[in-house]
Amino acid sequence: QVQVVESGGGLVQPGESLRLSCAASTSTFIIYDMGWYRQAPGKQRELVATVTRGGNTNYADSVKGRFTISRDNAKKSVYLQMNSLKPEDTAVYYCKANGRRTPFTEGQDFWGQGTQVTVSS
């Protein structure tokens, strides 16, 4: 199995920055794509940003130019640097790690418990 643990959420004012961290813990799975998703009250969970094992990134239009995703393969970790935060960024942020037992087997998604980000003055 894969344990996914997020950290770094909190309360900030509009325009401020926050950095989220996520670590995947496993001794039996190879970690491939990792990403951040968020869910605001009353809304569906949505993609924020993803990064492949090779470093290719993808962002939601709403965060392009403000958020930066990065990863450390050796630490099985992914980070989300969030700048110029807006009230509409308020949500629970979830980390997802896609893992495979071997390079030839089907991938499985593992989710963290989420970390709250609140942007308010």
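The values are calculated or read from the model by the stated rules, or taken from the named source; none is laboratory data. Just so it is clear, the model here is predicted, and its values are computed rather than measured. Here the Cβ is made from the backbone with ideal geometry for all residues, glycine too, and neighbour counts use every protein chain on show. Please note that ligands, DNA and RNA were not included when accessible areas were found on the heavy atoms of the full protein model with its side chains. Shrake-Rupley method; radii C 1.70, N 1.55, O 1.52, S 1.80 Å.
See the values below:
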{"quantity": "Search result, residues across segment 61-113 that are assigned to a loop (DSSP other than H, G, I, E, B) and under 12 Å from the mean Cα position of the chain (by Cα)", "calculated": "Gly112, Gln113"}
{"quantity": "Test set (1) of a type outside the set (Asp, Glu); (2) closer than 17 Å to Gly114 by Cβ; (3) touching a residue at least 60 places away in the same chain (Cβ under 8 Å) - Ala40 fails condition number", "calculated": "(3)"}
{"quantity": "Residues within segment 20-59 that are part of a loop (DSSP other than H, G, I, E, B) and touching a strand residue (DSSP E or B) at 6+ places or on another chain (Cβ under 7 Å), tallied", "calculated": "6"}
{"quantity": "Of all residues making up segment 59-92, the number that are in contact with a Phe, Trp or Tyr (Cβ under 6 Å, 6 or more places away or on another chain) and within 15 Å of Tyr32 (Cα to Cα)", "calculated": "1"}
{"quantity": "Residue within segment 66-78 that is exposed (fewer than 14 other Cβ atoms within 10 Å of the Cβ), touching a residue at least 24 places away in the same chain (Cβ under 8 Å) and of a type in the set (Gly, Ala, Ser) present", "calculated": "no"}
{"quantity": "Tally of residues being in contact with a helix residue (DSSP H, G or I) (Cβ under 9 Å, 6 or more places away or on another chain) and either open to solvent by 50 Å² or more (accessible area, probe 1.4 Å) or of a type in the set (Phe, Trp, Tyr) (or both) across segment 6-26", "calculated": "1"}
{"quantity": "Residue check for Ser7: of a type in the set (S, T, N, Q) and without any contact (Cβ under 8 Å) to a residue 24 or more places away in the chain", "calculated": "no"}
{"quantity": "Single condition Gly54 does not satisfy, out of (1) open to solvent by 40 Å² or more (accessible area, probe 1.4 Å); (2) modelled with pLDDT of 95 or more; (3) of a type in the set (Gly, Ala, Ser)", "calculated": "(2)"}
{"quantity": "Scan of segment 73-111 for residues that are under 13 Å from Ala49 (Cα atoms) and polar (S, T, N, Q), ordered by number", "calculated": "Gln81"}
{"quantity": "Total residues in segment 79-121, condition open to solvent by 60 Å² or more (accessible area, probe 1.4 Å) and among the hydrophobic types (A, V, I, L, M, F, W, C)", "calculated": "2"}
{"quantity": "Search result, residues across segment 33-46 that are within 9 Å of the chain's Cα centre (by Cα) and among the hydrophobic types (A, V, I, L, M, F, W, C)", "calculated": "Met34, Trp36"}
